Amino acid sequence: MWNRIWQLHTPPKVRNFVWRACSDILPTRTNLYRRKVPVDPACGICQQHDETVAHALWSCPMARNVWALVTGKLQKRSSEVKDFYVLVRGLMAELSPKEMEVCATVSWSIWNARIRYLFDKKQTQPCDILRGAMSLLQDYQRLCQ
Ligand SMILES: [Zn+2]
């Protein structure tokens with residue numbers, strides 16, 4: 001699984017991000033709370049659930065709105081995911097490397113949109129989050145050819 005993450009044909013920052021997300025070391029509110037940082041572990045966007053990696057990148061309504069725009073096998077996946085590592089392991093078994101690269105870059109893009117919203121109060125539309133991810137991925141792959 002880790003080898004497959006490192007072999008993804010995405011910008012290195014995306015591979016590194018997916019590795020950190022799967023290792024559960026992203027600074028989500030739940031992880032900060034666990035490290036005794038005085039924050040409310042609830043999601044800063046929907047306030048409905050604790051902000052775990054799986055919630056932030058997959059189950060949060062904000063993330064769902066982006067994933068809803070991604071066509072293919074991802075659509076059939078349940079929105080209820082407890083563990084991001086388990087989700088990625090399942091996706092790796094099912095998706096082609098190309099689809100996995102899209103999935104990784106969209107996750108990275110969702111995370112960055114969350115940061116922009118939570119820290120700069122700037123809201124990014126789901127279609128712009130997806131478009132940003134796709135153009136980053138395409139530019140990178142074009143440059144590498
Ligand atoms: Zn949320």
- Out of 107, 96, which single residue is surrounded by 12 or more Cβ atoms within 10 Å (Cβ to Cβ) and among the polar types (S, T, N, Q)? 107
- Where a residue in the range 33-50 is closer than 20 Å to residue 113 by Cβ and of a type in the set (Val, Ile, Thr) and its partner, wherever it lies, is open to solvent by 80 Å² or more (accessible area, probe 1.4 Å) and more than 11 Å from the ligand (Cβ to nearest atom), with Cβ under 9 Å and at least six apart: 39/33
- Query: Where residues in the range 36-55 are open to solvent by less than 30 Å² (accessible area, probe 1.4 Å) and near the ligand (Cβ under 7 Å from one of its atoms), which of them is farthest from residue 120 (Cα to Cα)?
  - Reply: 55
- Query: within 16 Å of the ligand (Cβ to nearest atom), of a type in the set (Phe, Trp, Tyr) and more than 18 Å from residue 129 (Cβ to Cβ): does that describe residue 85?
  - Reply: no
- Item | the range 13-28 residues that are under 24 Å from residue 47 (Cα atoms), paired with ones that are among the basic types (Lys, Arg) (beta carbon under 7 Å, 6 or more apart) | 26/20
- Task: Consider residue 55 carefully, then state whether it is in contact (Cβ under 8 Å) with a residue 60 or more places away in the chain and either of a type in the set (Val, Ile, Thr) or out of contact with any Phe, Trp or Tyr (no Cβ under 7 Å at 6 or more places or on another chain) (or both).
- Result: no
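State all residues of the range 53-79 that are within 17 Å of residue 89 (Cα to Cα) and of a type in the set (Val, Ile, Thr); if no residue qualifies, say none.
Keep residues of the range 53-79 that are within 17 Å of residue 89 (Cα to Cα), which gives 53-55, 57-59, 73-79.
Passing the criteria: only 53.
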- Note on the structure: When the range 62-78 is checked residue by residue, the ones that are within 13 Å of the chain's Cα centre (by Cα) and open to solvent by 30 Å² or more (accessible area, probe 1.4 Å) are 62, 64, 65
- Message: Condition first: within 25 Å of residue 138 (Cβ to Cβ) and touching a Leu at 6+ places or on another chain (Cβ under 8 Å). Can you find one or more residues in the range 3-10 that meet it?
- Response: yes
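Take the range 110-145 and flag every residue that is assigned to a helix (DSSP H, G or I), surrounded by 11 or more Cβ atoms within 10 Å (Cβ to Cβ) and free of Cβ contacts under 8 Å to residues at least 40 places away in the same chain.
In the first step, residues of the range 110-145 are kept if they are assigned to a helix (DSSP H, G or I); the result is 110-120, 126-144.
Subset that is surrounded by 11 or more Cβ atoms within 10 Å (Cβ to Cβ): 110-118, 126-141.
112, 115, 116, 128, 131, 132, 133, 134, 135, 138, 139, listed by residue number.
The values are calculated or read from the model by the stated rules, or taken from the named source; none is laboratory data. Only a predicted model underlies this, so the values are computations on that prediction, with no experimental measurement involved. Every residue, glycine among them, receives a Cβ derived from its backbone with ideal geometry; neighbour counts consider all protein chains shown. Ligands, DNA and RNA are excluded from the accessible area calculation, which covers all protein heavy atoms including side chains. Shrake-Rupley method; radii C 1.70, N 1.55, O 1.52, S 1.80 Å.
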